[in-house]
Amino acid sequence: MLWVVGVLAAAALVAFLVVFFTCFEAGKKFVNEFFNWRVFKKTMPYVARGLWVTVKLALISEVCILAAGLLVALVRISRVKPFRFLAAVYIDVIRGMPLLLQIFIVYFGLAYMGLNLSQFVAGVIALTICYAAYEAEIFRAGIESIHKGQMEAARSLGMGYLKAMRYVVLPQAIRNVIPPLSNEFIALLKDTALVATIGLAEVFFRGREMMGKYASVTPLMGAALCYLIITLPLMRLVQYMTTRLSMKDWRRQEEGDRHRRRERLAAGHGRGGRAVCASRAPSPQGGASRCGPVGYDCLVWRKEKRRTR
């Protein structure tokens, strides 16, 4: 019943928008200003050429951000207190400042010191400084989510701290932080538009340039379309990866429950021939808990127990 109400409400909203934009003068002006097909055809090729600059800026910045963020995270959890303090100060200060201000400081501030950087290089540096602070906290949370017994076991095998971190802890931590890092990359891709304020000819800069030339907001709608072409598939990819990782975790937990249950059954635990299935891990899709092969094992165990009476 609820879905019928939802469909009717959506249909009513669509009908209202169609009538408003086609029959009322205010709606016609809005469409002509934001979705002028004549202006769109003339400006879209020029705006789309800035898409490669946007993607290149985001990819190069992301590589630098991952390296810097991981380094800051390792310093943040180090045993040397001065290093931990400096990393904490960097993270707090950078996260408390607007990205636009950081871009201005890097581009104009370094110029006063004799470092005349190009708009692209200044954008990469500013984005790296800003997002490395955020991703450092993501890496730190991922590393601290790994049980300390993993590090202790690796050290007991003769591994040094760095070797244990590289081969034991970090592979598990990076797997846990892939979804949040992917979301940060999508946010980074959109924030590259701020670099247009220092003159980098990326998508937003070109759209704003064409908006001034044709006195229409339609070129900015073309820039928005360019961003959506990239971000929408990335969002679906992140959702798919998150689902896959949660499925793997659920299956691993379920397999562990099965193994522990079989060990208890093999040891003869349980009285009166009655056994309760331990496979109660909830499904990642939000469904109810289910009993799989363990339930069959429990049933077989009850039958065998009754035969021996």
Using a 7 Å offset from the Cα along the Cα-to-Cβ direction at both Asn32 and Tyr240, what is the distance between the two label points in nm, to one decimal? 4.4 nm
Find how many whole Å separate the alpha carbon centroid of the stretch 223-264 from the alpha carbon centroid of the stretch 70-135. 31 Å
Tell me what the chain gives for mean residue ellipticity at 222 nm when only DSSP H runs of n ≥ 4 count, each as -39,500 (n - 2.57), the sum divided by the residue total, rounded to 500 deg cm²/dmol. -25000 deg cm²/dmol
Two-decimal log10 I(q)/I(0) for the stretch 51-200, as the Debye equation yields it once each C-alpha is a single scatterer, q = 0.14, 0.15, 0.16 Å⁻¹: -0.72, -0.81, -0.88
As I understand it, the dipole of the stretch 51-200 uses +1 on the Cβ of Lys and Arg and -1 on the Cβ of Asp and Glu, about the Cα centre. Which of Phe85, Leu59, Gln119 lies farthest toward its positive end? Phe85
Short version: ³J(HN,Hα) in whole Hz for each residue of the stretch 124-129, in order, from phi by Karplus 6.51 cos²θ - 1.76 cosθ + 1.60 (θ = phi - 60°), x for Gly and Pro, what are they? 4, 5, 5, 5, 5, 4
Test item: Cα-centred dipole of the chain, Lys/Arg +1 and Asp/Glu -1 on Cβ, debye: 1880 debye
Quick check: residue separation of Cys23 and Phe108 times 0.36 nm, minus the Cα distance between them. What number comes out in nm? 25.6 nm
Using a Debye calculation, one point per C-alpha and no hydration shell, please list log10 I(q)/I(0) for the chain at q = 0.07, 0.09, 0.12, 0.13 Å⁻¹ in order. -0.51, -0.74, -1.01, -1.08
Within the set Lys28, Lys56, Lys41, GNM on the chain using Cα springs under 10 Å gives the largest fluctuation to Lys28
Cα convex hull of the stretch 194-241: mean projected area in nm², to one decimal? 3.8 nm²
Ranked highest first by the average count of other Cβ atoms within 10 Å around their residues, in what order do 165-177, 215-227 fall? 215-227, 165-177
Of the listed peptides 144-155, 70-81, what is their order by residue-averaged count of other C-beta atoms within 10 Å, with the highest listed first? 70-81, 144-155
Going from the alpha-carbon gyration tensor of the stretch 122-170, what semi-axes, largest first and in whole Å, does one get by taking the root of 5 times each eigenvalue? 30, 12, 5
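We did not get these values from a lab; they are worked out from the coordinates using the rules stated. Not measured: the values here are computed from a predicted model. Counting neighbours? That spans all protein chains shown, and the Cβs are built from the backbone with ideal geometry, glycine included.
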